[in-house]
Each structure stands twice: as structure tokens, then as C-alpha cells.
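Below is one structure, written out as C-alpha cells; the observations come after it.
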Amino acid sequence: MRVLIVEDDPFLRAGLVRALERGGYVADAVVTGEEALAAATAQTYDLILLDLGLPEIPGLEVLRTLRDRRQTVPIIILTAQDAPEQKVDGLDGGADDYVVKPFDLGELLARIRAQIRSRERRSSDQLQAHGIVLDLAARTVTRDGAPMSLTARELRILTVLMRRQGQFVSKAELESALYDADAEIESNTIEAAIYSVRRKLGAELILTARGLGYTIPRRPG
Amino acid sequence: MKHPRQRRRSLLSALYGRVALLLVAVILGVGVIAFFTAQDRVNDVYDGQLVIGANVLRALMTDEIREADGRGVPLAIDDSDILSPEDRKAFDDYAEWRMFRIWRGDVLLLRSDTGPAAASPHRGEGFTEVSAPHHRRWRIYTLQVPGHDVVVQVGERTDIRAVLVRSIAFGTMLPLLLLVPLVAGLLWFSLRDGLSALRLLMTELSGRGMRDLSTLPLEPWPRDLHPLIKSINRLIRRINRAVQRERRFLDSAAHQLRTPLASVKLQTQLIADEDDPQQRAAISRRLAESVDRAAAMTDSLLTLARLEARTAGAAERCGDLRTEVVAALADLAPAAARAHVGLSYEGAASAPCGDPTLLRLVAANLIENALDHSPPRGEIEVSVQPSPAGYRLMVQDGGPGIPPHERSKATQRFYRGETARPNGSGLGLSIVAEAVRVLNGRLILRDRADGRQGLCVIVDLPITNVS
């Protein structure tokens, strides 16, 4: 899952990137409102964390511009402005949630999961398919009740496929979910990761179709 | 501000005292006028009576005088011959107060028992006043009887007049004096009533809560109080604006502190379960830098708050602008070197103008600001030159500058312009502006005069008179 962080404080920005990576997300970080608009146009994000006190274009304007462009991506405002009227402005401006600095990391991650969950019309953070249970909050996987050990990369691939169960996900989409924009991607990384997931969770879990990509079917094939 | 002494007294009693004094003065004035008018009239009437008296006496004596003339003998010195007993009786009733004398030549023919001693008659006609023992004065009318060498003198003690004058004056004053307590009472109550609006206003104002900064309506108050209420309202509005400004400042200050604090909190949560040693090092570096950032922000806020509490005026110490600018340049030289920005200084050998701490603050903030906005391999030019009023500090950078329409806002607290750097607190130019205000100087932002891109900040400072 890909998250865009818009924050002008360099230390907070770096901290957020690290925190989200550890939470299993791919995080892109930008500083200004202009960069945020450019990034949101170039990439599809699962969520945007938006600071309001930005140089150049204020955060609220970024928010309105995104909504005017019919971008429905969940947006959480992350700001130092705590006055009720500012919260009202933010939420009415199109934000889905409003978090005041300083925030608790656990709470912020829970709010991010909640936004993505409701966007995917799920009622829980547990994804299930063919005896495999993926807990998005705890970042654990069980197979028929037994805990399985997956690497971060395998977990991300599995997460994308289970969230979009029944749909084909292209290799490019998987790559984008694995790496931030600047990283170099080796050509066989995805294949290697798919191979090891199949090895750990069962060969029949993930199906491949040439030209379409990978899928976890709704019913066992 | 000095207040006139009478403001410390009660307005009511001061006003009352003055009006009461006026009342007493009016009554005294009326008394004095009544006294002199009565004296004038009484004198006229009594003098007239003396003239009539003398003429009556002469008329009564006409026969006796003619007879004596006919006989060629002196007038008999027997008053019964001249005045009938009735005439004398009538005269005797006022004997104590009145006198008469009849002379022929220098011989006293006839006199009353009363009157001052006199050796010879007064020559000429008219009134004279003569002193007599026991502080008595007599006013005497002398009448020459034409054709005969006879002089008739009729007199009267002046104190009979004084008694009458006094009684008339007293009669006029008495009702006024009786009215005094009544008028004084009425005056007290009407003044109190008139000033009750002021008391009400006072109650209204003192009954207000700390946070009630609404203005007073004019309608319920008497027109005389409108200027006062308008002044109070102006004051309230000024206080209101100041409070609003403070509130906005506190809000912004809280926001500015929350971001580094959010970073501190996030890094501490991250470091707790970070296993990667490289990541741990990065996180702890960010943690330290966030704390530094919060500390720097706190320092800036405190500096600004302290500056704002200071009034412009004579410095306690006199510093040297050149010394402080050079010291600030030395402090920032390492940072400039890291950013590959050149520093240059040009200027006066010494420039005594104002509190050294403030001079340092101005110089350091301006140079730091320039450094923040300078592109790599840019140059910051600093100069101190004498100016007509004192000294001029000029700091020029090669940064993007501030567009003209933003310059007036640039010194506002937490202003971060279109060209702001993410690291800026938005307080640097506010601190400079406040320090320059305390130094009685002038701050100017403009484009560089040499046509190159960049901001030129000029601070004009007066030569300080050390108090």
C-alpha cells in the first residue's frame, strides 16, 4: 500500500516515512503543496497524510484542489492547528480524518488502517483466503491457524493480492506497491517473492495469467 | 502620566465646595450692595431732613429776628422767646441724637444741650462733619439767614444713620441667610443626582468580567458623558486588538512548537522497537535535531515576547554596531562555509549605537535569514556605514528576495512567504523588527540596488544617548 506524506518539517517527515515503512506501507514524502499535487497526479495512492501549514500553497488548498480533481483517495490531515473551527474547515474541505500534532504513532497507524478499511468496505483488518489469515494491524499471517513467517517483501505482495482478491494485479502494480518512487527495481524481484509466498502458503494460492498478472481467486481453483 | 491634584478628591465634594463658595460670595455681595445702597439712601433722606429742619427753624424764628433787628438789640438769649414750648418738646424727643445752634455773628444765641462743643459757627453753607468725644460724629447743616447776621445750624449724630443702615442691610440679608441651608441642601442633592450617571458608569465598568471587552453603548448615557464613553470605547477597542493579536500569536506559537514536538514523540516511539542499528542512529539524530528545533523555536518566542514588553528609548548600555555585526558573522561563518555561501563585510571602524544585545540580535537574525535564503556559492554582503541620523546596517543576499506586495507582511510573526525555506521559524524578521523598534531605528526591505537578484535589508539606527 502506498502512502503520500506531505510535511515540511524534515525530521518529522523522515520519521513518518520510517514509521509507515515499518507498518508495511510504501511511503513517498514531499515538502510543498505543489509537489503534493504533482505526486498525487503521477501516482495512485491508497492514502495521503497532509500537513496544513505548508510553504507556498496552504494544505487546505491542496486538499480542495485534489477533491476538485475528483480524487477520492483517503486524506488524513496531520497538523498542529487544533482549533475546532480549523478541524471543521479541514473535514468540510474534504479530509477524511483530522489528527493533531503531537500524535501517538499507534493511533496514527490505526487511523490509517481504518481509512483504508472503510475505503475497501471491510469490517476488520483480517483478510482471509483459502485458510490463510492476514492481520493487517498485527502484520501476521497464519495458515490453518498456524503462524507463518514471511519477509517484509513477501508480506507486502500478499497484502496487495489479498486486498484485491479476485482481481488480477499487474507486475507493475506490485512493483509500485513494493518500492518508493526512487528505488531501483531488479527485474526478477516480483517473481522471486511470488515464488517464496507460494512455497510457504501453498502453490495454488496465487494464480498467474500471462499479460494480466497475478491473482488470489475468491474460490479455490 | 501626572494627574492634577484635585482628581484625587471626590468630584462631588469638589464641585459642591465650589458651588457653595459661589453661593456664599453671592450672598455677601448682595449684603454689601444692600449696605451701601441703604447708606446712600438714608444719607439722602436724613440730609434732606436736616435742610428742612434748618429752614423750619429759620421760619419759626423769623419774627424774633425781625423784632430784634427792629429794636437793634441782640436777640434775647432765652429760648422761650424764640421757640414755643411745643417746638422744643418735639425737638427734645430726639434730643440725644439731634442738635441745633443759632448764632448771630460769633455770639451763640441759642443751642440745644446736645452737640459737639464749638467756639464759632461754621462759615459758609452746607454740610460738615465734626468729631465729638465718645467716638461720636455729628453731621451738621449750616444755613445763613440772608439779610441778618444769623446762622442756623442743625445737626444729627451719624450713628443714628448707621443703626438704620445696618437694620436695612440686615433685613435684606436675613431671608437670604435663612435660605442658605435650604439652598445648600438642594444643591447637594442635585449635584449627587447629576453625578449619579457617572457612578452608574463606574459600577457598570467595575462590574465587568476580565474577558468582557465589548464596547459601551452610547444611548443609555447622558450626552455629557458621550465623549468619556467614546474614549473608554476607543481604549477597549485598542485593548481588544492587542488581546486578539496576543491570542493569534499564542495560537501560532503553539502550532510552531507542536511540529518539532510531534517529531520528538514520533522518533521516541520509533526508536523503541527499531533493531536496525543504522536506522537507530538516523532516528536518534532526528530526535536530537527535533529537540534542537523546539528549543530554538522556544528561544525565538521568548526573545520576541521579551522584546515586545520593552519600550523604545534610551539604552542602558551603548554597544558598537560594528563589533556586534562582526561577532555575528564569526558565529555564522561555519554554517555559511557548510552551505558554500560567502560572507563579506565592509564598513565603519566603530559605530556606537544602542544596546549591544539588541544590535547582536538584529545582526545575527538578518545574516541567518540571508544564509537561509542564499543559493550555494552565493554571497552575503554586510556593511555598516555612517548615515545622516546615525548608522546604517545593510545585509544583501543572493536569494529569491521578497516580492514587493509581501514585504509589509514579512515582519509579521510566523510569516512564511512564497519563498520561505522549510526550516524557517517565521520569527526572524519579526524579532529584527521588534529589536529595531526598541532601538528607535527603522527597518527597510527592498530589492538590491545593484540590480542583482536578492533581498536588501537596511536598518537605520540613531546614535545612542546613553542614559
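The values are calculated or read from the model by the stated rules, or taken from the named source; none is laboratory data. Just so it is clear, the model here is predicted, and its values are computed rather than measured. FYI the Cβ positions are ideal-geometry reconstructions off the backbone, even for glycines, and counts take in every protein chain you see. Remember, those area values only see protein heavy atoms, side chains included, never the ligands or the DNA or RNA. Shrake-Rupley method; radii C 1.70, N 1.55, O 1.52, S 1.80 Å.
Please determine, by comparing only the residues of region B:259-269 that are of a type outside the set (Ser, Thr, Tyr) and under 15 Å from A:Ala19 (Cα atoms), which one is farthest from the other protein chains (Cβ to nearest Cβ).
Result: B:Val264.
Within region A:6-54, which residues are more than 9 Å from every other protein chain (Cβ to nearest Cβ), within 13 Å of the chain's Cα centre (by Cα) and assigned to a helix (DSSP H, G or I)?
Once the filter is applied, which keeps residues that are more than 9 Å from every other protein chain (Cβ to nearest Cβ), within 13 Å of the chain's Cα centre (by Cα) and assigned to a helix (DSSP H, G or I), region A:6-54 yields A:Val17, A:Leu20, A:Glu21.
Name every residue in region A:68-88 that is open to solvent by 50 Å² or more (accessible area, probe 1.4 Å), under 23 Å from the mean Cα position of the chain (by Cα) and not hydroxyl-bearing (Ser, Thr, Tyr), in order of residue number.
Scanning region A:68-88 gives A:Asp68, A:Arg69, A:Arg70.
Give the residues of region B:284-299 that are within 7 Å of chain A (Cβ to nearest Cβ) and over 21 Å from A:Gln81 (Cα atoms), sorted by residue number.
B:Arg286, B:Glu289
For region B:150-175, which residues satisfy the criterion of being crowded, with 17+ Cβ neighbours inside 10 Å and of a type outside the set (Val, Ile, Thr)?
B:Gln153, B:Gly155, B:Glu156, B:Arg157, B:Arg161, B:Ala169, B:Met173
Do you know which of the residues in region B:379-414 that are more than 47 Å from the chain's Cα centre (by Cα) and among the charged types (D, E, K, R) is surrounded by the most Cβ atoms within 10 Å (Cβ to Cβ)?
Ranking the candidates gives B:Asp397 first.
Here is a check on your reading of the model: is B:Pro376 open to solvent by 60 Å² or more (accessible area, probe 1.4 Å) and either touching a strand residue (DSSP E or B) at 6+ places or on another chain (Cβ under 7 Å) or closer than 30 Å to A:Leu20 by Cα (or both)?
It is false that B:Pro376 is open to solvent by 60 Å² or more (accessible area, probe 1.4 Å) and either touching a strand residue (DSSP E or B) at 6+ places or on another chain (Cβ under 7 Å) or closer than 30 Å to A:Leu20 by Cα (or both).
All but one of (1) within 14 Å of chain A (Cβ to nearest Cβ); (2) in contact with a helix residue (DSSP H, G or I) (Cβ under 9 Å, 6 or more places away or on another chain); (3) surrounded by fewer than 19 Cβ atoms within 10 Å (Cβ to Cβ) hold for B:Ala281; which doesn't?
(2)
Answer with yes or no whether A:Arg113 is away from every other protein chain (no Cβ under 14 Å), open to solvent by 30 Å² or more (accessible area, probe 1.4 Å) and within 14 Å of the chain's Cα centre (by Cα).
The answer is yes for A:Arg113.
Open to solvent by 60 Å² or more (accessible area, probe 1.4 Å), within 14 Å of chain A (Cβ to nearest Cβ) and among the small types (Gly, Ala, Ser): is that true of B:Ala272 in this structure?
Yes.
Would you confirm, using the coordinates I've provided, whether B:Gly209 is open to solvent by less than 80 Å² (accessible area, probe 1.4 Å), over 27 Å from the mean Cα position of the chain (by Cα) and more than 30 Å from B:Arg104 (Cβ to Cβ)?
Against the criterion (open to solvent by less than 80 Å² (accessible area, probe 1.4 Å), over 27 Å from the mean Cα position of the chain (by Cα) and more than 30 Å from B:Arg104 (Cβ to Cβ)), B:Gly209 qualifies.
Kindly list, by first and then second residue, each pair from a residue in region B:8-32 that is farther than 19 Å from B:Leu186 by Cβ to a residue that is open to solvent by 50 Å² or more (accessible area, probe 1.4 Å) and among the polar types (S, T, N, Q), limited to pairs with Cβ atoms under 9 Å and residues at least 6 apart or on different chains.
Sorted first by the residue in region B:8-32, then by its partner, the pairs are B:Gly31/B:Thr172.
Per-residue answers, yes or no, for (1) free of Cβ contacts under 8 Å to residues at least 60 places away in the same chain; (2) small (Gly, Ala, Ser); (3) under 29 Å from B:Arg247 (Cα atoms):
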{"site": "A:Asp46", "(1), (2), (3)": "no, no, no"}
{"site": "A:Glu56", "(1), (2), (3)": "yes, no, yes"}
{"site": "A:Asp68", "(1), (2), (3)": "yes, no, no"}
{"site": "A:Thr79", "(1), (2), (3)": "yes, no, yes"}
{"site": "A:Pro84", "(1), (2), (3)": "yes, no, yes"}
{"site": "A:Lys87", "(1), (2), (3)": "yes, no, yes"}
{"site": "A:Ala110", "(1), (2), (3)": "yes, yes, no"}
{"site": "A:Ala114", "(1), (2), (3)": "yes, yes, no"}
{"site": "A:His130", "(1), (2), (3)": "no, no, no"}
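Being within 14 Å of chain A (Cβ to nearest Cβ) and either surrounded by fewer than 13 Cβ atoms within 10 Å (Cβ to Cβ) or not in a helix (DSSP H, G or I) (or both) narrows it down to one of B:Leu178, B:Leu250, so name that one.
Being within 14 Å of chain A (Cβ to nearest Cβ) and either surrounded by fewer than 13 Cβ atoms within 10 Å (Cβ to Cβ) or not in a helix (DSSP H, G or I) (or both) holds for just one of B:Leu178, B:Leu250, which is B:Leu250.
From A:Leu201, A:Leu207, grab the single residue that is over 22 Å from the mean Cα position of the chain (by Cα), modelled with pLDDT of 85 or more and crowded, with 18+ Cβ neighbours inside 10 Å.
None of the other options fit; the residue is A:Leu201.
How many residues, within region A:89-108, are more than 10 Å from chain B (Cβ to nearest Cβ), of a type outside the set (Asp, Glu) and within 16 Å of the chain's Cα centre (by Cα)?
Of the residues in that region, 0 qualify.
Conditions: (1) away from chain A (no Cβ under 14 Å); (2) under 19 Å from B:Gln256 (Cα atoms); (3) open to solvent by 70 Å² or more (accessible area, probe 1.4 Å). B:Leu304 meets all but one. Number of the miss?
Unmet condition: (3).
Suppose we filter B:Val73, B:Val107, B:Val130 for residues that are modelled with pLDDT of 75 or more and over 60 Å from the mean Cα position of the chain (by Cα); which single one remains?
Only one candidate passes the filter, namely B:Val107.
So B:Pro334 clears everything in (1) at pLDDT 85 or above; (2) surrounded by 11 or more Cβ atoms within 10 Å (Cβ to Cβ) except one condition, right? Which one?
(2)
I'd like the full set of residues that are under 16 Å from B:Ile463 (Cβ atoms) and surrounded by fewer than 19 Cβ atoms within 10 Å (Cβ to Cβ), limited to region B:431-445.
If the condition is that a residue be under 16 Å from B:Ile463 (Cβ atoms) and surrounded by fewer than 19 Cβ atoms within 10 Å (Cβ to Cβ), then B:Asn440, B:Arg442 are the ones that fit.
For the list (1) over 30 Å from B:Ile380 (Cβ atoms); (2) modelled with pLDDT of 90 or more, I need the number of the one condition that B:Arg258 fails.
(2)
Here is a list of conditions, (1) without any contact (Cβ under 8 Å) to a residue 60 or more places away in the chain; (2) within 30 Å of the chain's Cα centre (by Cα); (3) open to solvent by less than 40 Å² (accessible area, probe 1.4 Å), and B:Ile239 meets all of them except one; can you say which number that is?
Failing condition for B:Ile239: (3).
Which of the residues belonging to region B:301-357 are under 47 Å from the mean Cα position of the chain (by Cα), within 18 Å of B:Ile367 (Cβ to Cβ) and polar (S, T, N, Q)?
The answer is B:Thr303, B:Thr323, B:Thr357.
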